[in-house]
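Colleague: Pasting a structure here, questions to come.
The values are calculated or read from the model by the stated rules, or taken from the named source; none is laboratory data. All values reported here derive from a predicted model rather than from experimental measurement. Cβ placement follows ideal geometry from the backbone for every residue including glycine, while neighbour counts extend to all protein chains displayed. Keep in mind that these areas ignore ligands, DNA and RNA; they rest on the heavy atoms of the full protein, side chains included. Shrake-Rupley method; radii C 1.70, N 1.55, O 1.52, S 1.80 Å.
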Amino acid sequence: MDVFLAGQKKRVNPAQALGKGGEADVFDLGDGRVLKLFKPPEHPDYSAFAEEQTAARARLAEHQHKLPAFPKPLPARVVVPEVLATDKGGKRVVGYAMRKLDGSEPLRRFGDPAFRRAGVPSSRVVSVFRGLHRTLGALHASGVVVGDFNDLNILVIGEDAWLIDADSFQFGSYLSSVFTERFLDPLRLGGTTAALMPARPASADSDWYAFGVALMQSLLCVGPYGGIHRPASGPRASPTARVLQRLTVFHPEVQYPKPATPYGVLPDDLLHGLHRLFVEDARGAFPLPLLDALRFSVCASCGVEHA
């Protein structure tokens, strides 16, 4: 198929996508940029799914207005749409070109115990999150909310964290419709529910909640709702019930996972901050001094890094 970038024709073969997601395919343009093409309703991936076809149609319709209105400038470590990709007539937006990040790895890897043991110190994790904190704060100051802040749409190069998938950001009248369950702020839920589905729009507060989830996961290799609920009596709570009841890994009836780093390696003030966020529903920007004060050293007796 042919698409046009600033009037220049680019031929792409969907079978040769650099990466594939639920909503788009990504192609290497060979000039330091990649091309993200949104899947149309007739895309083969949607052939047997009428609901997905409807969602793709609605998404494309919104992008006709949302992407041309994308706010500028945004923080340096946000991978923004640089040039819109259109059809031959230049009127229909089908995707966009953006910067290619070579040598990056998703933030999710930092929550993998094997990856951390392979030589990724906690000091590097903290440096990544200090920079990510600055980027997220600057993004909010620009009137933009990430919405679907998760550990796959953040890529890390060295100690720099980059936010990607900017087309799903929330700004102006354009609400973010996508979410990742593990990073979903419980305060966005609508009371008792059988599934974790947002009933309220994303906000700066929900972004900071997700930031806290990613931080905890990257430092301890477990998120707030990891582990196994083992009550003294009665049935175990379902994963959804645990979130609704705030039965986190800090709860005495939750068995902490063995592969995770014991949370006692973190200083009390940081643990208190995480407890306030996940158990007491405190919101607002994550306190940067809690990150700035962190210093790690390896314990001579147990070999584990302690802050």
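Colleague: Among the candidates Pro224, Pro235, which residue alone is in a loop (DSSP other than H, G, I, E, B) and open to solvent by less than 10 Å² (accessible area, probe 1.4 Å)?
Modeller: Pro224
Colleague: From Val80, Val120, which residue is in a loop (DSSP other than H, G, I, E, B) and free of Cβ contacts under 8 Å to residues at least 24 places away in the same chain?
Modeller: Val120
Colleague: Answer with yes or no whether Ala241 is at pLDDT 95 or above and either among the hydrophobic types (A, V, I, L, M, F, W, C) or open to solvent by less than 40 Å² (accessible area, probe 1.4 Å) (or both).
Modeller: no
Colleague: For segment 123-156: of the residues being without any contact (Cβ under 8 Å) to a residue 40 or more places away in the chain and small (Gly, Ala, Ser), which is most open to solvent (accessible area, probe 1.4 Å)?
Modeller: Ala141
Colleague: Which of the residues belonging to segment 167-216 are surrounded by fewer than 16 Cβ atoms within 10 Å (Cβ to Cβ), touching a residue at least 24 places away in the same chain (Cβ under 8 Å) and polar (S, T, N, Q)?
Modeller: Answer for segment 167-216, where residues must be surrounded by fewer than 16 Cβ atoms within 10 Å (Cβ to Cβ), touching a residue at least 24 places away in the same chain (Cβ under 8 Å) and polar (S, T, N, Q): Thr180, Thr192, Thr193.
Residue-by-condition table, conditions (1) over 18 Å from Arg116 (Cβ atoms); (2) free of Cβ contacts under 8 Å to residues at least 60 places away in the same chain:
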{"site": "Pro267", "(1), (2)": "yes, yes"}
{"site": "His272", "(1), (2)": "yes, yes"}
{"site": "His275", "(1), (2)": "yes, yes"}
{"site": "Ala285", "(1), (2)": "yes, no"}
{"site": "Ala293", "(1), (2)": "yes, yes"}
{"site": "Ser297", "(1), (2)": "no, yes"}
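Colleague: Can you name every residue in segment 45-70 that is of a type in the set (Gly, Ala, Ser) and under 23 Å from the mean Cα position of the chain (by Cα)?
Modeller: Pass one, segment 45-70, residues of a type in the set (Gly, Ala, Ser): 47-48, 50, 55-56, 58, 61, 69.
Selection gives Ala55, Ala56, Ala58, Ala69.
Colleague: Which of the residues spanning segment 244-299 are open to solvent by 40 Å² or more (accessible area, probe 1.4 Å), assigned to a helix (DSSP H, G or I) and of a type in the set (A, V, I, L, M)?
Modeller: Those that are open to solvent by 40 Å² or more (accessible area, probe 1.4 Å), assigned to a helix (DSSP H, G or I) and of a type in the set (A, V, I, L, M): Leu244, Leu288.
Colleague: Can you run down the residue pairs with Cβ atoms below 7 Å, 6 or more apart or on separate chains, where the first is in segment 224-250 and under 19 Å from Phe183 (Cα atoms) and the partner is among the aliphatic types (A, V, I, L, M) and surrounded by fewer than 12 Cβ atoms within 10 Å (Cβ to Cβ)?
Modeller: What qualifies is Thr240/Ala194; Thr240/Ala195.
Colleague: May I ask you to verify whether Val156 is of a type outside the set (Phe, Trp, Tyr), under 22 Å from Glu105 (Cα atoms) and in a loop (DSSP other than H, G, I, E, B)?
Modeller: no
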